Amino acid sequence: MKRVALLGATGSIGRQALEIIEANPELELVAAASGKQPIEGLAPLTQVGGDPTRLLESAEPDVVLNAVVGFAGLPGTLWTLEQGIDLALANKESLVAGGDLAVAAWERGGGRILPVDSEHSAAFQLLEHREPKSVDSLVLTASGGPFRGRSRADLEGVTPAEALAHPTWSMGPKITVDSATLMNKGLELIEAHFLFGLPYERIEVVVHPTSVVHALVRLRDGAALAHLGYPDMRVPISYALTYPERAATRIPKLDLASGLILEFSAADEDAFPCLALARSAGEAGGVAPCVLNAANEVAVAAFLDGSLPFLGIPDVVERTLDRLDHPPARDLDDLVAADAEARRLAAALTREPAAR
Ligand code: NAD
Ligand code: MG
């Protein structure tokens with residue numbers, strides 16, 4: 001039996017995780033937490049809101065699935081890594097914002113991170129037991145979102161409802177908007193850097209509209225290995241929760257007889273500047289990724305409530321990054337302060353039209 005603690009139990013990932021846990025007699029849900037929604041009775045221990053540290057301490061889990069959305073997932077990530085407990089990580093924002101601190105806690109704790117993000121789950125499987133020097137680069141695929149193929153001018157008046165209509169994945173609202181701006185892939189680039197210890201110049205992003213190939217690894221002899229599967233998060237959730245056994249799931253097998261379309265193209269960084277913004281924030285290091293993430297969370301919320309146009313999202317993120325310094329965070333307090341400062345500035349900038 002594996003004891004599972006689930007943070008973010010009421011979300012898109014959280015609900016799919018409950019389905020996987022329910023269907024697998026080897027998995028036992030010992031604790032569950034949500035941000036606001038009531039969850040009493042869902043698990044022996046439950047908590048709504050606040051820092052989940054005490055809950056996790058009492059639950060004594062074998063694996064923590066962090067499916068909280070946003071920077072709010074950071075305490076759960078850091079606690080789990082520090083304890084050396086397996087972390088099934090869906091909450092990419094905690095690794096983006098707190099990458100250096102998280103990696104240090106991971107090294108001290110000596111546990112595992114089992115990525116739940118589909119591209120990173122794929123990359124983890126492609127890279128496991130592989131000689132690092134044989135790997136040239138990692139390729140992350142992006143669906144391109146609902147606005148793939150549009151120019152910057154075409155994106156001017158797009159609405160939240162249009163941004164929320166994702167072509168291949170059904171997910172929570174924040175990540176769905178991130179997929180539409182390509183910030184999701186930018187966050188994933190930073191996530192991959194910290195998870196796999198690869199420098200940014202060895203992580204590529206490619207657009208692949210059907211989301212069947214989740215990631216590729218290019219090897220130094222010219223071979224490339226790919227990980228394929230239908231876009232269904234229950235597969236990487238199940239993989240992370242049952243690692244290393246890889247339990248069976250009820251997900252349909254890849255149908256090769258009726259034709260799979262594996263098309264790839266470069267991302268349009270003019271229409272979707274968030275990708276390049278994330279890459280340069282990652283390369284800048286220090287608290288730059290934390291600032292990027294905070295500004296993005298504020299801008300996405302403003303877009304969803306109708307107070308910021310779609311193209312305002314990259315604009316607010318870029319101006320927030322430009323106006324703040326990005327020293328390294330020595331500890332969690334530094335990081336929380338950088339996050340708060342970036343949120344204040346980004347909120348002010350969402351009310352201030354860009355000077356063009
Ligand atoms: P969601 O909005 O559907 O659910 C978010 C969950 O987090 C909810 O249970 C909510 O109660 C909880 N939460 C929100 N604010 C909180 C706070 N302040 N404190 C504690 N809990 C809080 O989001 P989602 O789509 O399930 O995404 C969750 C995470 O997984 C995100 O980091 C996302 O990027 C990542 N992810 C999601 C998918 C997907 O298919 N949905 C795929 C890959 C990665
Ligand atoms: Mg992903």
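The values are calculated or read from the model by the stated rules, or taken from the named source; none is laboratory data. All values derive from a computational prediction rather than experimental measurement. Here the Cβ positions follow ideal geometry from the backbone for every residue, glycine too, while neighbour counts run over all protein chains shown. Note: areas computed on protein heavy atoms with side chains; ligands, DNA, RNA excluded. Shrake-Rupley method; radii C 1.70, N 1.55, O 1.52, S 1.80 Å.
Data table
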{"quantity": "Hey, residue 318 in contact with a Leu (Cβ under 8 Å, 6 or more places away or on another chain) and acidic (Asp, Glu) or not", "calculated": "yes"}
{"quantity": "Counted residues, the stretch 308-335 - those being without any contact (Cβ under 8 Å) to a residue 60 or more places away in the chain and open to solvent by 70 Å² or more (accessible area, probe 1.4 Å)", "calculated": "7"}
{"quantity": "Residue tally, condition within 16 Å of ligand 1 (Cβ to nearest atom) and either surrounded by fewer than 20 Cβ atoms within 10 Å (Cβ to Cβ) or assigned to a loop (DSSP other than H, G, I, E, B) (or both), over the stretch 176-209", "calculated": "2"}
{"quantity": "Scan of the stretch 86-110 for residues that are open to solvent by less than 30 Å² (accessible area, probe 1.4 Å) and in a loop (DSSP other than H, G, I, E, B), ordered by number", "calculated": "90, 91, 98"}
{"quantity": "Residue match in the stretch 275-291 (condition: touching a Lys or Arg at 6+ places or on another chain (Cβ under 9 Å) and under 30 Å from residue 353 (Cα atoms))", "calculated": "yes"}
{"quantity": "Positions within the stretch 120-131 being touching a residue at least 60 places away in the same chain (Cβ under 8 Å) and open to solvent by 10 Å² or more (accessible area, probe 1.4 Å), in sequence order", "calculated": "124, 125, 126, 127, 130"}
{"quantity": "Residue in the stretch 43-52 that is within 16 Å of ligand 2 (Cβ to nearest atom), part of a strand (DSSP E or B) and either in contact with a helix residue (DSSP H, G or I) (Cβ under 9 Å, 6 or more places away or on another chain) or of a type in the set (Ser, Thr, Tyr) (or both) present", "calculated": "no"}
{"quantity": "Residue list for the stretch 23-34, filter: part of a loop (DSSP other than H, G, I, E, B) and surrounded by fewer than 17 Cβ atoms within 10 Å (Cβ to Cβ)", "calculated": "25, 26"}
{"quantity": "Of all residues in the stretch 218-234 being open to solvent by 50 Å² or more (accessible area, probe 1.4 Å) and within 15 Å of residue 168 (Cα to Cα), the one that is modelled with the lowest pLDDT", "calculated": "230"}
{"quantity": "Restricting the stretch 145-175 to residues that are part of a helix (DSSP H, G or I) and of a type outside the set (Gly, Ala, Ser), the residue that is farthest from ligand 1 (Cβ to nearest atom)", "calculated": "154"}
{"quantity": "Hey, residue 248 of a type outside the set (S, T, N, Q) and farther than 17 Å from residue 117 by Cα or not", "calculated": "yes"}
{"quantity": "Where a residue in the stretch 158-172 is touching a residue at least 40 places away in the same chain (Cβ under 8 Å) and farther than 16 Å from residue 307 by Cα and its partner, wherever it lies, is within 16 Å of ligand 2 (Cβ to nearest atom) and basic (Lys, Arg), with Cβ under 9 Å and at least six apart", "calculated": "167/148"}
{"quantity": "Residue 126, sole failed condition from (1) touching a helix residue (DSSP H, G or I) at 6+ places or on another chain (Cβ under 9 Å); (2) within 16 Å of ligand 2 (Cβ to nearest atom)", "calculated": "(1)"}
{"quantity": "Residue ID - farthest from the chain's Cα centre (by Cα), chosen from residues in the stretch 238-255 that are within 23 Å of residue 139 (Cα to Cα) and of a type in the set (A, V, I, L, M)", "calculated": "254"}
{"quantity": "Residue in the stretch 207-221 that is within 27 Å of residue 305 (Cα to Cα) and of a type in the set (S, T, N, Q) present", "calculated": "no"}
{"quantity": "Unique match (being open to solvent by 10 Å² or more (accessible area, probe 1.4 Å), touching a Ser or Thr at 6+ places or on another chain (Cβ under 7 Å) and at negative phi) among 46, 10", "calculated": "10"}
{"quantity": "Of residues in the stretch 56-72 being assigned to a helix (DSSP H, G or I) and among the aliphatic types (A, V, I, L, M), the one farthest from residue 121 (Cα to Cα)", "calculated": "59"}
